[in-house]
């Protein structure tokens, strides 16, 4: 009887352990443990992504210091950039089974050649065990889900030379380009993602605009910078004076009187 009981326990113990290992690997049902994140961006744009992991539901373990619970993609986007990122759904770190909970995204571009002539704005993909249907991203027959946004360049001047600086401002939109609330965003349940593709589609607005109101004046062929009290006035609001303007300097050092054409 003892031998028979041992055989029965052995027979059922191995599959049970196998199911546990499969579950922590995200393949309990034979599904892939990864999905693809990709982006459709304007030329000279790139995204950075950081996948954030937390202990899986029901787990009481923790990772000492939270080390290795985030995985980055395209972190050196100015040196090398890959649109497609294969992201794991489940990972085990320090013996603790983890599951992906969000992807922190940064949409970046450079407006000049110097290393500091860059700007970016954020976006997020949230991943939960459960979501109400109205908040869940949807997938087409090809297994791809797309969320949308639009970015716009905002320009200002900085410092005594009034050097032109640009800020990237990104907002959520629908598929037709109608603006929504907040930054580009989408959400999914964990069981939606195995083997699927999530795409972030971001358009660039046709026109740029001043970052700060009442500092530039719109003219027929661009924008002119208000002088303010004097050339050293860092704020230089117009305050109704639409006759006195100042020059400014482009990031490459070119002296200009109108943006974006530089010369009138």
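Rank the residues 157, 60, 215 as a footprinting-exposure proxy: fewest other Cβ atoms within 10 Å of their Cβ go first. Before the final figure, lay out the partial values.
Values: 157 23, 60 6, 215 18.
With the sparsest Cβ surroundings first, the list reads 60, 215, 157.
If we sort 126-133, 52-59 on the protection proxy, mean other Cβ atoms within 10 Å, highest first, what's the order? Mind showing how you got there, number by number?
Numbers: 126-133: 12.6, 52-59: 15.6.
Sorting 126-133, 52-59 by mean packing, highest first, produces 52-59, 126-133.
Take residue 244 and residue 79, extend 7 Å from each Cα along the Cα→Cβ direction, and tell me the distance between the two endpoints in nm. Label at residue 244, label at residue 79, 4.9 nm between them. Counting other Cβ atoms within 10 Å as a rough exposure proxy, the listed residues 94, 186, 145 run 94, 145, 186 from fewest neighbours to most. In this calculation the C-beta distance from residue 71 to residue 254 is compared with R0 = 35 Å, giving a FRET efficiency of 0.25.
Each of 200, 227 was scored by other Cβ atoms within 10 Å of its Cβ. Arranged with the fewest first, they read 227, 200. Restricting the calculation to Cα atoms, every distinct pair contributes to the Kirkwood radius of the stretch 212-256, found to be 11.0 Å.
Axis of helix 2-24 versus longest Cα principal axis of the chain: the two differ by about 10°, to the nearest ten degrees. For the chain, the relative contact order comes to 17 percent (Cα pairs under 8 Å, sequence separation of at least 6).
The fraction of Cα-Cα pairs per 5 angstrom bin, counted from 0 for the chain, comes to 1, 5, 10, 13, 12, 11, 10, 9, 7, 6, 5, 4, 2, 1, 1, 1, 1, 1, 0, 0, 0 percent, rounded to whole percents.
A short reminder: the numbers here are calculations on the coordinates, not readings from a lab. This one's a predicted model, so the numbers in the text were calculated from it and none came from an experiment. Positions of Cβ are generated from backbone atoms using ideal geometry, with glycine treated the same way; all protein chains shown enter the neighbour counts.
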